[in-house]
Amino acid sequence: MKAKELREQSEKQLQILVKDSKEKLKSLRFSLANKQLKDYSEIKKTRKVVARAKSVLKEKRTNNKK
């Protein structure tokens with residue numbers, strides 16, 4: 001998901017996205033440990049989604065305080 005798409009979402013939606021992505025990341029890590037994961041790049045992609053969503057959330061919160 002691109003940052004531009006994330007900026008169009010509400011804070012509530014972003015918080016849900018972060019929570020869901022963190023859960024997905026956790027399950028991907030367990031799959032990796034059990035040698036069941038086929039696509040290792042999925043971990044990296046999920047981490048980036050979490051980072052982008054958190055960045056946009058922080059951006060929105062600082063803009064609301066001004």
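The values are calculated or read from the model by the stated rules, or taken from the named source; none is laboratory data. Everything numeric in this text was worked out from a predicted model, so none of it was measured. Counting neighbours? That spans all protein chains shown, and the Cβs are built from the backbone with ideal geometry, glycine included.
Condition first: at pLDDT 95 or above and either within 27 Å of Thr62 (Cβ to Cβ) or of a type in the set (Asp, Glu) (or both). Now tell me which residues in region 25-51 satisfy that. Of everything in region 25-51, those that are at pLDDT 95 or above and either within 27 Å of Thr62 (Cβ to Cβ) or of a type in the set (Asp, Glu) (or both) turn out to be Leu25, Glu42, Lys45, Thr46, Arg47, Lys48, Val49, Val50, Ala51.
Here Met1 passes the criteria (1) loosely packed, with under 12 Cβ neighbours inside 10 Å; (2) in a loop (DSSP other than H, G, I, E, B) except the one numbered (1). Across region 15-66, the number of residues qualifying as in contact with a helix residue (DSSP H, G or I) (Cβ under 6 Å, 6 or more places away or on another chain) and among the hydrophobic types (A, V, I, L, M, F, W, C) comes to 11. When the criteria are applied in full, Asp39 fails the requirement of being free of Cβ contacts under 8 Å to residues at least 40 places away in the same chain, of a type in the set (Asp, Glu), surrounded by fewer than 16 Cβ atoms within 10 Å (Cβ to Cβ) and in a helix (DSSP H, G or I). Is it the case that some residue within region 5-20 is modelled with pLDDT of 95 or more and over 23 Å from Thr62 (Cα atoms)? Yes - at least one qualifying residue is present in region 5-20.
Residues that are part of a helix (DSSP H, G or I), surrounded by 10 or more Cβ atoms within 10 Å (Cβ to Cβ), in contact with a Lys or Arg (Cβ under 6 Å, 6 or more places away or on another chain) and not hydrophobic (A, V, I, L, M, F, W, C) occur at least once in region 45-60.
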